[in-house]
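Peer 1: Sharing a structure below in structure tokens format, with a few things to ask.
The values are calculated or read from the model by the stated rules, or taken from the named source; none is laboratory data. Keep in mind the model is a prediction, meaning the values are calculated, not measured. Glycine gets a Cβ as well: all are built from the backbone with ideal geometry, and neighbour counts include every protein chain shown.
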Amino acid sequence: MKRMSLSLLAAMGLFAAQAVFAAPIELGASVQKTGSFANTGRYYADGYQFAVDKINEKGGVKIGDKQEKLHLTILDNQSDVNLSVRQYVQLLTQNKVNFLLGPFASNFALADSAISEKYQIPMIQGGGASDQIFNRGFKYVFGTLPPASAYFQTTVDAMMKLDPAPKTVALLYADDSFDVSVAEGAHKILAKTPLKIVIEQKYSSETSDFNSLLALIKSKNVDAILVAGHETEILNFIRQAKALDISPKFYSFTVGVSTADFRKALGSDADYAFGMTSWLPSSSLKDDYFGDGMQFAEEYRKRFGYEPDYHSASAVADVLAFVKAIEKAGSLDPKAVRNAIVNLDFNSLYGQIHFNAQGQLELPQTVIQIQNGKVVPIYNAKGFIGKPQYPMPAWKQR
Amino acid sequence: MKTLLFLLAAFGLATIPWWGSASFIQFCIDALLVAVLAQSWNIIGGFTGYASFGNSVFYGLGGYGVAISMLQFGLPFEVGLCIGALIGTSVALILGLPILRLRGFYFGIATLSLTFTMTSLVSNISFAGGNIGLVLPIGPSDTLFFELSLALLGAATLTVWWIARSRFGLGLVAIRENELTAAVMGINTTLYKVLAFMLSGLLASLAGGIHAYWITFLDPGSAFDLSLNVKMIIMTVFGGPGTVLGPILGAFSLSAISEMLAFYITNLANLFYGFVIVIAIIFMPRGCIDLALHYREQGWRYFLENIKKTKI
Amino acid sequence: MRKALLENLNIRCRHGNSGKYKMILLWQVLVNGVLLGGIYAAMALGLVLAWGVLHIVNVAHGALIMLGAYVSYYLFTFIGLDPFAGMPLSMIVMFGFGYLLQLYLLNFMIKAPMFNTLLLTFGLAVIFANLAQFAFSADFRIINPVYAGDNFVWLGATIPLVRILAFGVAMTLTLFLWAFLTYARYGRAIRATAQNLVAARLYGINPRKIYAMTFGIVGAFAAASGVLYGVVWQINPYIGSNLTAKSFAIAIIGGLQNPLYVIVGGLFLGIIESLSSLYLGPTYSDLVFFGILVLILIVRPTGLLGKTA
């Protein structure tokens, strides 16, 4: 039976290799296509595939004087971290991929990057922003999401410029790697302002009931609420806030606001919510392969049937970074490509790709607000670029 | 003759790291560890008849023992493993005494609650990494882990083999069949049950410690994973509860099929587990070993007999 | 943790009257807990029926709730049927599902040891969750009727409309089940069959049909609580296991002897979750609840209200 499975596995390996003949640059990823993270995981699967197809369409990758095509293998980790780790080992040792693309979510990236480090193969991931991933001194993991600790920087800056400025703030965060990082960073950012943190509360990931927290917030009459959590939790939070008739002057969420299903699910209840995104489909983001950010979004929507958000763009950026690095290094040697990645500096539909010393991109977050069902950019590193609707009216007055 | 075959098989297994592909070795390590878990459950569930949903607690504690020793105290892996095992066994003793007084399903629910309680407790301890988890240093090669897991499985199987032949084992079976009578006949049921639980805990925590170091990552969700506990139950029940080789058979066969399915369509693997257990429980509730023993005489009627016994 | 506790209790408000605001907060949290408890009780009802009466340990109960929630979601999304108005329809659909499930599958395991039915239903739970993922995708869904955010104030506490409706439905269903099992002829037939199969047969009862009907009722109740769940929270294929665990805990704490005890169990869970969320922090509620459950099991396994064995 052992022999049978061994030969079966070997046969499948051969089959996979044969499936796309003469595709020497192998990229591999383990993504959450099913399971509880699947609704965002699919943005990564789609983004990676979209990028690979586009690059191949435009002739592939130039190594020396040859044009080589890319081939992508995506495995479904069923939203299970342990399986994800094993799949990365499989991609490296059995599928023999040249380079790795990352999963969604910081806790996955945290565990999976240990594999890329162990085997010394570069991994560029667009789904994990937690500082923990990058402060272990690993040399082979890079991230296209900005550092989690800086997520609320532009939001807080914008808050201080609002009139009348909020005085008290509640900081709520889920207990996973990403959100804890965001909250620690937010705490430091807020400490530098005159804002008073009256509530700073960690809650269990996948909490569905926020009634007690909301009651506490109401009793303290908080002006602003900052929430670092997952889309499901934030949806519950907003619905329950409405049901308990709680509306602070301002609230901002790390995820959800930028995605279309979130706005669709809440309908008009999503209005006035602030959020952030490291990417907007702007025509000022020029790209060698996609034209610009707006064209990219158009084509993506045509192909997949939904609007891309920063997850998708981040995923595409990962592939683009590899392509540029390979071309720069002129070879597929992992160490050479890794060094090339460190020195990358180019513009893409996602923004400027230039990794900092820890291996992350330092893209500032653009503060956005949902106004009448649409995402409106409000504030970026340069200042106000849109008019915020502030303060938020009470639920009954909308 | 039989022992010779076993030794040959064991030797053959031991050489896998030299001729197997890296991903096959990986699969084997996983299968070996889950087989150890199945054996650990076999002791308390198969022999003693106390269906525990709490083996994942010991598994997780073993893992955390290793992780915390290595990360917070800088101790080597071997020491961490012993510490993890010590913690697992002591918790089995401390919790076993009150909980083993419960019968049947209440015992199951109590152990299930323990799993949730432990997950929640550890999530709140930042010393243990909270809900974020701990990342362990990168360990030695897979070969070492393979041999270690194989040795552990060997030890576990020998333990179960010894239990099956000893008075202790007979006592456990007596407890399973009719606890009251067993007590009346002079068996110290509390002592026997707690010992079984402790053995179970020991094996599970050793497996957990090895797994944590191998995967290099541990968080409360994956450490006290309930689905792992259910998997070990399914594997043991499918293979043959109360037998020596049943759990190994169940673990290896189900892992292999699941892995192959996962290769094609990943959802299929989970669906497969569901179907296996549904069909196996209806048609062959005493496991493969029992099926193998009786099939020769009864053929297809074996399955029909099982249904007849339980349907209305 | 102590710091958070002190911070939470030490409410300074602009008016300087911290005592009054502390009481209002506590009152609101208690009200939240009671409403939450009602919904939890509704969820545990079907389980108590299956376990207490049929002696089927139904680990797939959460999955049934999930399926019921999806039925209601699709009815709401495609034909605009209000979830509460459409509840009878969802219940009928799941009644049929439960009936068939029992008749053609579970009936084969009635006389098996409880542990085997446990494994069987566990397998079913896994199958249902994965089939649901195939059919409905992993995206979360909400049932969002127009009045989902409405609320009113009562004695100083804000009460969301959907939660009080859910509470009302839960109480009604519980009372109905209790009355049915105690007074209705068919209900008593169900109990009789469960207690003594042979005698029931001698009385001319067809046990297969009775069991099927009973499990159909279990399905119907699961559907009702699924509707409530979908309106208050969100649906995805994996909500089942958590709900099953909570339902079992409620059933045990309340005691299996009488469906009315489910209310006690449900309220207990709801209030504990609410209070511990406020005073200890939301990351502790599981710990507190399951810790208490373990203690109850050790000290009084028949539940808070049940007769001691």
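Peer 1: Please find, among C:281, C:219, the residue that is surrounded by 24 or more Cβ atoms within 10 Å (Cβ to Cβ), touching a residue at least 24 places away in the same chain (Cβ under 8 Å) and among the small types (Gly, Ala, Ser).
Peer 2: The unique qualifying residue is C:219.
Peer 1: I'd like to check which strands (runs of 3 or more DSSP E) are fully inside region A:322-398 and have at least 1 residues that are under 19 Å from the mean Cα position of the chain (by Cα) and over 25 Å from residue A:266 (Cβ atoms).
Peer 2: Where strands (runs of 3 or more DSSP E) fall fully within region A:322-398 and carry at least 1 residues being under 19 Å from the mean Cα position of the chain (by Cα) and over 25 Å from residue A:266 (Cβ atoms), they are A:346-348, A:351-353.
Peer 1: Only one of these is buried (at least 19 other Cβ atoms within 10 Å of the Cβ), assigned to a loop (DSSP other than H, G, I, E, B) and within 24 Å of the chain's Cα centre (by Cα): A:84, A:30, A:36, A:113. Name it.
Peer 2: A:36
Peer 1: Out of curiosity, is residue A:76 within 9 Å of chain B (Cβ to nearest Cβ), buried (at least 22 other Cβ atoms within 10 Å of the Cβ) and out of contact with any helix residue (DSSP H, G or I) (no Cβ under 6 Å at 6 or more places or on another chain)?
Peer 2: no
Peer 1: Tell me yes or no: at least one residue of region A:136-151 is out of contact with any helix residue (DSSP H, G or I) (no Cβ under 7 Å at 6 or more places or on another chain) and outside any loop (DSSP other than H, G, I, E, B).
Peer 2: No, region A:136-151 contains no residue that is out of contact with any helix residue (DSSP H, G or I) (no Cβ under 7 Å at 6 or more places or on another chain) and outside any loop (DSSP other than H, G, I, E, B).
Peer 1: Would you mention how many residues in region C:183-198 are among the β-branched types (Val, Ile, Thr) and surrounded by 15 or more Cβ atoms within 10 Å (Cβ to Cβ)? Don't jump to the end; show me each part of the working.
Peer 2: Residues of region C:183-198 that are among the β-branched types (Val, Ile, Thr), as a first pass: C:190, C:193, C:198.
Add one more test, that the residue is surrounded by 15 or more Cβ atoms within 10 Å (Cβ to Cβ), and what stays is C:190, C:193.
The qualifying residues number 2.
Peer 1: Go through (1) under 22 Å from residue A:33 (Cα atoms); (2) in contact (Cβ under 8 Å) with a residue 40 or more places away in the chain; (3) surrounded by fewer than 24 Cβ atoms within 10 Å (Cβ to Cβ) for residue B:227 and report which single condition fails.
Peer 2: Evaluating residue B:227 over (1) under 22 Å from residue A:33 (Cα atoms); (2) in contact (Cβ under 8 Å) with a residue 40 or more places away in the chain; (3) surrounded by fewer than 24 Cβ atoms within 10 Å (Cβ to Cβ) leaves (2) as the failure.
Peer 1: Further question: Look through A:320, A:344 and report the one residue that is outside the structural domain of residue A:261 (by TED's automatic domain parsing) and in contact (Cβ under 8 Å) with a residue 60 or more places away in the chain.
Peer 2: Unique residue meeting the criteria: A:320.
Peer 1: Could you identify the single residue in C:176, C:221 that is under 25 Å from residue C:66 (Cβ atoms) and touching a helix residue (DSSP H, G or I) at 6+ places or on another chain (Cβ under 9 Å)?
Peer 2: Checking each option against the conditions leaves just C:221.
Peer 1: Let me ask you something else. Out of the residues in region C:132-143 that are more than 7 Å from every other protein chain (Cβ to nearest Cβ) and without any contact (Cβ under 8 Å) to a residue 12 or more places away in the chain, which is nearest to residue C:238 (Cα to Cα)?
Peer 2: Within region C:132-143, the match that is nearest to residue C:238 (Cα to Cα) is C:137.
Peer 1: On to the next question. Name every residue in region B:287-312 that is within 14 Å of chain C (Cβ to nearest Cβ) and either among the charged types (D, E, K, R) or part of a helix (DSSP H, G or I) (or both), in order of residue number.
Peer 2: Answer for region B:287-312, where residues must be within 14 Å of chain C (Cβ to nearest Cβ) and either among the charged types (D, E, K, R) or part of a helix (DSSP H, G or I) (or both): B:287, B:290, B:303, B:304, B:305, B:306, B:307, B:308, B:309, B:310, B:311.
Peer 1: Among the residues of region A:164-177 satisfying the criterion of being more than 9 Å from chain B (Cβ to nearest Cβ) and at pLDDT 90 or above, which is surrounded by the most Cβ atoms within 10 Å (Cβ to Cβ)?
Peer 2: A:172
Peer 1: Within region B:22-40, is there a residue that is of a type in the set (Gly, Ala, Ser), more than 14 Å from chain A (Cβ to nearest Cβ) and crowded, with 20+ Cβ neighbours inside 10 Å?
Peer 2: Yes, because at least one residue in region B:22-40 is of a type in the set (Gly, Ala, Ser), more than 14 Å from chain A (Cβ to nearest Cβ) and crowded, with 20+ Cβ neighbours inside 10 Å.
Peer 1: In region A:87-110, which residues are facing chain B (nearest Cβ under 7 Å) and either in contact with a strand residue (DSSP E or B) (Cβ under 7 Å, 6 or more places away or on another chain) or not in a helix (DSSP H, G or I) (or both)?
Peer 2: A:94, A:110
Peer 1: If I ask for residues that are of a type in the set (S, T, N, Q) and either on the phi < 0 side of the Ramachandran plot or free of Cβ contacts under 8 Å to residues at least 24 places away in the same chain (or both), which ones from region A:205-221 would you list?
Peer 2: Going through region A:205-221, the residues of a type in the set (S, T, N, Q) turn out to be A:205, A:207-208, A:211-212, A:219, A:221.
Hits for region A:205-221 are A:205, A:207, A:208, A:211, A:212, A:219.
Peer 1: Being in contact with a Ser or Thr (Cβ under 8 Å, 6 or more places away or on another chain), outside any helix (DSSP H, G or I) and not aliphatic (A, V, I, L, M) narrows it down to one of B:58, B:53, B:24, so name that one. Before the answer, list the steps.
Peer 2: Values: B:58 fails: outside any helix (DSSP H, G or I); B:24 fails: outside any helix (DSSP H, G or I).
Only one candidate passes the filter, namely B:53.
Peer 1: Considering region C:144-156 alone, what residues qualify as being buried (at least 19 other Cβ atoms within 10 Å of the Cβ) and modelled with pLDDT under 85? I'd like the intermediate steps shown before the answer.
Peer 2: Residues of region C:144-156 buried (at least 19 other Cβ atoms within 10 Å of the Cβ): C:144, C:148-149, C:151.
If the condition is that a residue be buried (at least 19 other Cβ atoms within 10 Å of the Cβ) and modelled with pLDDT under 85, then C:144, C:148, C:149 are the ones that fit.
Peer 1: If you don't mind, there's one more thing I want to ask. So which pairs qualify, if the first residue must be in region B:99-122 and more than 7 Å from chain C (Cβ to nearest Cβ) and closer than 21 Å to residue B:180 by Cα, the second must be crowded, with 22+ Cβ neighbours inside 10 Å and not aliphatic (A, V, I, L, M), the Cβ gap must be under 6 Å, and the two must be at least 6 apart or on different chains?
Peer 2: Here the result reads B:100/B:193; B:107/B:50; B:108/B:53, each pair linking region B:99-122 to a residue that is crowded, with 22+ Cβ neighbours inside 10 Å and not aliphatic (A, V, I, L, M).
Peer 1: Considering region B:259-285 alone, what residues qualify as being farther than 29 Å from residue A:80 by Cα and surrounded by fewer than 19 Cβ atoms within 10 Å (Cβ to Cβ)?
Peer 2: First, the residues of region B:259-285 that are farther than 29 Å from residue A:80 by Cα: B:282-285.
Hit for region B:259-285 is B:283, nothing else.
Peer 1: Further, regarding this structure: Within region B:271-285, can one find any residue that is within 19 Å of residue B:34 (Cβ to Cβ), within 11 Å of chain C (Cβ to nearest Cβ), in contact (Cβ under 8 Å) with a residue 40 or more places away in the chain and of a type in the set (Val, Ile, Thr)?
Peer 2: Checking region B:271-285: at least one residue is within 19 Å of residue B:34 (Cβ to Cβ), within 11 Å of chain C (Cβ to nearest Cβ), in contact (Cβ under 8 Å) with a residue 40 or more places away in the chain and of a type in the set (Val, Ile, Thr).
Peer 1: Do we find a residue being assigned to a helix (DSSP H, G or I), crowded, with 19+ Cβ neighbours inside 10 Å, touching a helix residue (DSSP H, G or I) at 6+ places or on another chain (Cβ under 6 Å) and within 14 Å of chain A (Cβ to nearest Cβ) anywhere in region C:114-122?
Peer 2: no
Peer 1: Based on this model, can you work out whether residue B:154 counts as modelled with pLDDT of 90 or more and either closer than 21 Å to residue B:194 by Cβ or over 19 Å from the mean Cα position of the chain (by Cα) (or both)?
Peer 2: no
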